[in-house]
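See below for the structure under consideration.
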Amino acid sequence: MADTTQPTVAPTPTGPPRRYPGRIALSLGLVLTGVVLVVTIGIRDPNPPPAPAAAAPPPVSVAPEQRPQPGTEAPRVGLAAPPDRPQQSDLAELDAWAARVAAKTGLDARVLAAYGRAEMWMQRQKPSCHLSWATLAAIGHRAFGTAKVSPEGTITVKPGPAEGPDTDGGKLDGDRAGDHRIGPLQFTPSIWSKFAQRANGDGKPADPHSLDDSAFTAARYLCSDGDDLGAPSGWWRAMMRYHPAVDYVQDVFVAADSYAAASVAP
């Protein structure tokens, strides 16, 4: 007979074998270790990726250009005023020149006409002086800035501080105790009295508040001592007579040079 005894079958386990909890614990440990390593490496990586570049700092200010030193150079020469023609009217040419220079420099054309006329007249009366309108424009810029000229050609400028004893009895500057610089180009009363001349030749006395008269008087004064204002030494000597303060003359130089350069720019 065949053996009918059923073999004993081991019961099917109802949970994971005992070794699985150890493996799971090991796996979790490895995962946690990896996380720790990632974090640690991210913090302590000796060659971390470069950080984003910081915003560039503002550029360092360059040192200002050296101010011109006495006698070393003269301002550049600007667009020359038209030649003086005593036998015929040159007003149209002067106005056209003034309009052209005004467009280049931003100066008022009426103001430029006064400076250009003074240059024209000195070209004929004292050609060796080589006075440029740009120097007169720079003196005016220093004295009255952008103040507007009246239809009659006058500019009201407050007298400067007293600079010495009175020489005119207060007639020009209103002070009987001291002299003050007056007018749009700032003359002392003593200099005005010596060099003033009417610009339009109508026979009337020169008006210290007239820009035309002041420009022509300034030209006569600057050219009164035989200096060549086209040369460095001559320009500085003439300007130091006009106003004996180096910082003032340096300011005039810079403005004159700027106006001259702008007037001939493309």
Whether any residue in the stretch 209-217 is more than 15 Å from Leu131 (Cβ to Cβ), out of contact with any helix residue (DSSP H, G or I) (no Cβ under 8 Å at 6 or more places or on another chain) and hydroxyl-bearing (Ser, Thr, Tyr) is what I want to check. yes
Within the stretch 150-181, track down each residue that is surrounded by fewer than 19 Cβ atoms within 10 Å (Cβ to Cβ) and under 26 Å from the mean Cα position of the chain (by Cα). Thr156, Lys158, Gly160
Does the stretch 192-201 include one or more residues that are more than 30 Å from Leu79 (Cβ to Cβ) and surrounded by 15 or more Cβ atoms within 10 Å (Cβ to Cβ)? yes
Asp175, sole failed condition from (1) within 29 Å of Asp247 (Cα to Cα); (2) among the acidic types (Asp, Glu); (3) out of contact with any Asp or Glu (no Cβ under 8 Å at 6 or more places or on another chain): (3)
Identify, by number, the condition in (1) surrounded by fewer than 16 Cβ atoms within 10 Å (Cβ to Cβ); (2) under 18 Å from Asp228 (Cα atoms); (3) at pLDDT below 95 that Ser89 doesn't meet. (2)
Could you check how many residues of the stretch 221-254 are in a helix (DSSP H, G or I) and either surrounded by fewer than 20 Cβ atoms within 10 Å (Cβ to Cβ) or aromatic (Phe, Trp, Tyr) (or both)? 16
For Ala143, work out the one condition from (1) assigned to a loop (DSSP other than H, G, I, E, B); (2) in contact with a Lys or Arg (Cβ under 9 Å, 6 or more places away or on another chain); (3) farther than 24 Å from Asp84 by Cβ it doesn't fulfil. (1)
Scan the stretch 78-131 for residues that are basic (Lys, Arg) and part of a helix (DSSP H, G or I) and jot them down. Arg100, Lys104, Arg110, Arg117, Arg124
Which of the residues that make up the stretch 124-138 are over 16 Å from Val101 (Cβ atoms) and touching a helix residue (DSSP H, G or I) at 6+ places or on another chain (Cβ under 9 Å)? Gln125, Lys126, Cys129, His130
Considering only the stretch 196-208, I want to know if a residue exists there that is within 25 Å of the chain's Cα centre (by Cα) and either in contact (Cβ under 8 Å) with a residue 60 or more places away in the chain or closer than 15 Å to Gly140 by Cα (or both). no
Among residues of the stretch 96-131 being of a type in the set (D, E, K, R) and under 17 Å from Gly230 (Cβ atoms), the residue surrounded by the most Cβ atoms within 10 Å (Cβ to Cβ) is Glu119
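The values are calculated or read from the model by the stated rules, or taken from the named source; none is laboratory data. None of these values were measured; they are calculated from a predicted model. Note that we place each Cβ from the backbone using ideal geometry, even for glycine, and neighbour counts take in every protein chain shown.
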